[in-house]
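Quick note: the coordinates plus some simple rules give every number you see, no bench work behind them. The structure displayed is predicted, hence computed values, not measured ones. Positions of Cβ are generated from backbone atoms using ideal geometry, with glycine treated the same way; all protein chains shown enter the neighbour counts.
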Amino acid sequence: MNQPMSTQEIVTAASASMQDDGEIRTRVHDLTLKALRERRLDASEVRSVVRSVAEGVSLGAERRSGEVKDALAAAIAGLDAALLKTAQATHLALQEMISQGKDFSTQDLQPALDDLKITEQAFLDILSQVAETTGGRIKQEFKAAVEHARHSGTDTGASVKASLSDLSNRITSTLQAGKSSGQEAAQTVSSRLAALASGILAGMADALHEKSQQQTQKK
């Protein structure tokens, strides 16, 4: 695996993605997905990447000479689209682990389910925190864009809701409800889930890249 982008590199790239009109959503999405696939796909890493991208978007918005409302909305949509893929990858990884029911109890998987459950809330909270630190004319625009996303809901949130329903049904029919197997088992679950989800996300990203190349060649 190549060396992951540093926090500053993510911030700088996200800021640059805001400078030209057009494909802001795509640029932010692709950057976020690239940074995520370079890392262990667990909640703390995902939130760190989201914060770095959001900070870069904020800086880029401050440096824009033109309008910022639509640009911020596009950037948030790009972040949401990338985060949606991480949630889908985590869902598929949990499905695979649940199918290996003899290895885990419900309690062993509960922390991962809890992290998945708050994905949208954590995403919007990070955006709100970054918006509060934004200066000048951008602050109110950024806060308004975040509140719109909070009230209208995100694609990530809708996907997570469906995922939790599916996973709950699978757990009920497959896993034992017994006690957690202990700290070591919890670490094993976390590591295995992160590895599985990272592999799935990489596959998704590769497929998207190939599709994009094919579309470009047709033009």
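Things to note:
- Fewest-first sequence of 120, 147 by Cβ atoms within 10 Å of each Cβ: 147, 120
- Cα→Cβ-extended label distance, 7 Å offset, between residue 6 and residue 63, nm: 1.7 nm
- Burial ordering of 118, 200, 10, fewest other beta-carbon atoms within 10 Å first: 118, 200, 10
- Distance between the 7 Å Cα→Cβ label points at residue 21 and residue 170: 4.4 nm.
- log₁₀ of I(q)/I(0) at q = 0.14, 0.15 Å⁻¹ - the chain, Debye sum with one point per alpha carbon: -0.86, -0.96
- Spatial offset of segment 7-56 relative to segment 145-174 amounts to 22 Å, using the alpha carbon center of each.
- For residue 105, nonlocal amide neighbours, meaning residues 5 or more places apart or on other chains whose placed amide H falls under 5 Å from its own, are 181.
- Hypothetical label at residue 40: residues of segment 103-131 whose amide nitrogen lies under 19 Å (7 Å Cα-Cβ projection): 108-116
- Value at 222 nm in deg cm²/dmol, rounded to 500, when DSSP H runs of n ≥ 4 in the chain each add -39,500 (n - 2.57): -27500 deg cm²/dmol
- Estimated inter-spin distance, residue 148 and residue 161, nm [label 7 Å along Cα→Cβ]: 2.0 nm
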